[in-house]
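Worksheet: one structure, shown below.
Each reported figure results from applying straightforward, stated rules to the coordinates on display, with no laboratory input. If you're wondering where the values come from, they're calculated on a predicted model, not measured in any experiment. Because the Cβ atoms are built from the backbone with ideal geometry, glycine has one as well, and the counts that use them run over all protein chains shown.
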Amino acid sequence: MINRDLIRIKVVQLTYAYYQNGNHNIDKAEKELLFSLSKAYGLYNYLLSLIVSITQEERRRVEVLTNRAKREGTDVPSERFVYNKFAVQLEENKQLNLFLEGQQYRWEDNMEAVRKLCDQIEQSVIYQEYMASDDDSYDADREIWRKIYRTLIQENEDLDAILEEKSLYWNDDKEIVDTFVIKTIKRFDPVNKANQELLPEFKDEEDRDFALKLFRSTILNADTYQRYMSETSRNWDFSRLAYMDVVIMQIAIAEMLTFPNIPVTVSINEYVELAKLYSTPRSGGYINGMLDSIARYLIDTGKMLKQMPERRQPRNGNERLNRNNNYSRNEANLQNDYPEGNVQQDRLERNTNEEF
């Protein structure tokens, strides 16, 4: 389940924390990295169990209404949703139940949130159309939960706040983990019954090794990578660069040099997006240009055996002049963006200061 997008996020967070904490114990930092990744897998299981908790609360409500209907001689409510074929299969899933046995977090401790979600589901058009439909197939039962998750759980600020209280990691993890929960719903097959496989924590050992090798290479070769940055940014006052930008570029260089099968353009694009998320508004554009220059320098000097697309040549002198003028203006703007050489990293610090 833990993919390389999530691994890169965690390596950025833990590398920043490694330097900020000051103890520089790489073995402990690696354990913290693996712990933070395991927390993401815990969130995956916790969100799957939310479907079970909602189903059980709805079942309790139907039982109350059924008893009342029998006493009053009125129509009993439908049990269609509370015995939804997909939800029952998930409720009986051996892998999920085994995982939850050893976990401290349970939705029974947040029943108010579960009940609120039940109310929202019952009031939704999705639910009403499902209850009115004659289609009682497994596909229909699975599809209603995919729709509920995407519309009422995936983008739910109240739920996000609850998860952040449980673990400071989860606020950053949820967006990615949501996609894996939806993928899991779509993968469920009634033939597998309670033995339906959930997504594994790591797709394979290679991804786990990717996390550790990327982190260790980033830390152990920091001086060399920062020298590459300095040598390819002679027109820029390197000391005034945002510290988070230095961290992100350092990790990007580690990835480019450590993993020969990952194309340079893929690495650059991934870390440009992370810069937009964790650093200043202008960082993405600056890091894109810097990493492009660094990668070409590494290739030209024989330090990296990869290929990059050729730079587009200006068609005329005016285009070259305009590009140079734009570069000068952008550099001046960047100098204004980093007057103190660093930026606030509140979001990152929240996620890296949790006790392990």
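Which order do the peptides 297-308, 211-222 come out in when sorted by mean C-beta neighbours inside 10 angstrom, highest first? Walk me through the numbers before you get to the answer.
Details: 297-308: 13.3, 211-222: 18.8.
Those peptides, ordered most packed to least, come out 211-222, 297-308.
May I ask you to work out the translational diffusion coefficient for the chain at 25 °C, viscosity 0.890 mPa s, via Stokes-Einstein with Rh from the Kirkwood sum over Cα pairs, reported in whole µm²/s? Don't jump to the answer; show the numbers that get you there.
Values: Rh = 23.4 Å.
Approximately 105 µm²/s, per Stokes-Einstein.
Starting from 0.36 nm per residue, how many nanometres of slack lie between Lys94 and Glu108 once their C-alpha separation is accounted for? Walk me through the numbers before you get to the answer.
Working: separation 14, 0.36 × 14 = 5.04 nm, distance 1.94 nm.
Residue separation times 0.36 nm, minus the Cα-Cα distance, leaves 3.1 nm.
How high is the FRET efficiency between Asp75 and Arg187 when r is their beta carbon distance and R₀ equals 35 Å, given to the nearest 0.05?
Working: r = 37 Å, r/R0 = 1.05.
Between Asp75 and Arg187 the formula returns 0.40.
Assuming R0 = 51 Å, what is the FRET efficiency of Ser133 and Lys213, from their Cβ-Cβ distance, to the nearest 0.05? Walk me through the numbers before you get to the answer.
Working: r = 51 Å, r/R0 = 0.99.
With a Förster radius of 51 Å, E is 0.50.
Calculate the spin-label point distance for Glu310 paired with Leu34, positioning each point 7 Å from the Cα along the beta-carbon direction, and give it in nanometres.
Each label point lies 7 Å from its Cα, and together they span 4.8 nm.
Is there a pair in Lys28/Lys94; Lys10/Lys193; Lys31/Lys147; Lys116/Lys147; Lys39/Lys303 whose C-alpha atoms are over 27 Å apart, and which pairs would that be? Walk me through the intermediate numbers first.
Numbers: Lys28/Lys94 33 Å; Lys10/Lys193 34 Å; Lys31/Lys147 37 Å; Lys116/Lys147 17 Å; Lys39/Lys303 36 Å.
The pairs that break the limit, which is 27 Å between Cα atoms, are Lys28/Lys94; Lys10/Lys193; Lys31/Lys147; Lys39/Lys303.
To the nearest 500 deg cm²/dmol, what mean residue ellipticity at 222 nm is calculated for the chain from DSSP H runs of n ≥ 4 alone, each contributing -39,500 (n - 2.57), summed and divided by the residues? Working shown, then result.
Working: 16 runs with 243 residues, N = 356.
Computed ellipticity for the chain at 222 nm equals -22500 deg cm²/dmol.
Report, to two decimal places, the Cα Rg of segment 139-210 normalised by 2.2 N^0.38 Å (N = number of residues). All intermediate terms of the calculation are to be shown ahead of the outcome.
Values: Rg = 14.5 Å, N = 72, 2.2 N^0.38 = 11.2 Å.
Its radius of gyration relative to the 2.2 N^0.38 Å reference: 1.30.
What FRET efficiency would be calculated for the residue pair Lys147, Thr258, taking the C-beta separation as r and a Förster radius of 41 Å, to the nearest 0.05? Display every interim value, and only then the final one.
On the way: r = 42 Å, r/R0 = 1.02.
Efficiency at R0 = 41 Å is approximately 0.45.
Please report the projected area of segment 130-289's Cα convex hull averaged over all directions, in nm².
On the way: hull surface 55.2 nm².
Reported value for the Cα convex hull: 13.8 nm².
In whole Å, how far is the Cα centre of segment 159-197 from that of segment 254-303?
31 Å
Counting only residues 5 or more places away or on other chains, whose amide H sits under 5 Å from the amide H of Ser279 once H atoms are built in the peptide plane?
none
What per residue convex hull volume, in Å³, comes out for segment 44-135 when only alpha-carbon positions are used? Before the final figure, lay out each step's value.
Values: hull volume 10.9 nm³, N = 92.
Spelled out: Cα convex hull of segment 44-135, divided by residues, is 118 Å³.
If you average the sequence gap of Cα pairs under 8 Å that are 6 or more apart and divide by the length of the chain, what percent do you get for the contact order? Walk me through the numbers on the way to the answer.
Working: 327 pairs, mean separation 77.5, N = 356.
Averaging sequence separation for qualifying contacts and normalising by length gives 22 percent for the chain.
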